[in-house]
Amino acid sequence: MPNKSKSKKTLHNCSCEICKLHPYSRIAKEHKAINRVLIGLDERNKRRFVGVLANQQRNILQLSQITGLSRNTIYRGKSEVEYPRQNSASGIRQSGAGRLLVEKNSPEF
Ligand SMILES: [Zn+2]
């Protein structure tokens with residue numbers, strides 16, 4: 001079976017102080033768990049997942065440290081899960097711009 005192509009993705013290591021100082025603490029494990037979830041997701045679902053975490057009163061700076069995603073990405077994911085309709089209409093294409101080249105043909109939104 002030639003289907004054993006391993007994905008080249010690597011687990012992001014959280015760089016927060018807690019993970020550095022207490023790598024076996026509950027929080028460090030939680031951060032690892034987050035990254036383990038993220039590794040299975042594509043870009044869009046990644047930022048949405050982190051967006052959900054951000055909505056749960058998590059510190060965005062910290063989330064950025066944990067996940068390796070930029071703060072902008074997290075903000076975007078946050079607003080995508082908060083206002084999915086608004087986001088699908090605006091931001092990606094401007095009215096009158098004509099071309100829709102991004103995220104048009106993904107079935108699940
Ligand atoms: Zn951490």
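The values are calculated or read from the model by the stated rules, or taken from the named source; none is laboratory data. Keep in mind that what you see is a predicted model, and the values were worked out from it rather than measured. Cβ: placed from backbone, ideal geometry, glycine included. Neighbour counts: every protein chain shown. Each accessible area value is taken on the protein alone, full model and side chains, heavy atoms only, with ligands, DNA and RNA left out. Shrake-Rupley method; radii C 1.70, N 1.55, O 1.52, S 1.80 Å.
Odds and ends about this structure:
- From LEU21, LEU41, residue being modelled with pLDDT of 95 or more, farther than 14 Å from ILE74 by Cα, away from the ligand (no atom under 15 Å from the Cβ) and open to solvent by 30 Å² or more (accessible area, probe 1.4 Å): LEU41
- Matching entry among LYS9, LYS32, LYS78 (being open to solvent by less than 60 Å² (accessible area, probe 1.4 Å) and not hydroxyl-bearing (Ser, Thr, Tyr)): LYS78
- Unmet criterion (only one of (1) modelled with pLDDT of 95 or more; (2) in a loop (DSSP other than H, G, I, E, B); (3) more than 14 Å from the ligand (Cβ to nearest atom)) for PRO2: (1)
- The set of residues in segment 56-81 being touching a helix residue (DSSP H, G or I) at 6+ places or on another chain (Cβ under 7 Å) and touching a residue at least 40 places away in the same chain (Cβ under 8 Å) consists of ILE66, THR67.
- Among the residues of segment 46-62, not a single one is open to solvent by 40 Å² or more (accessible area, probe 1.4 Å) and either in contact with a Ser or Thr (Cβ under 7 Å, 6 or more places away or on another chain) or among the acidic types (Asp, Glu) (or both).
- Hey, ASN105 of a type outside the set (A, V, I, L, M) and at pLDDT below 55 or not: yes
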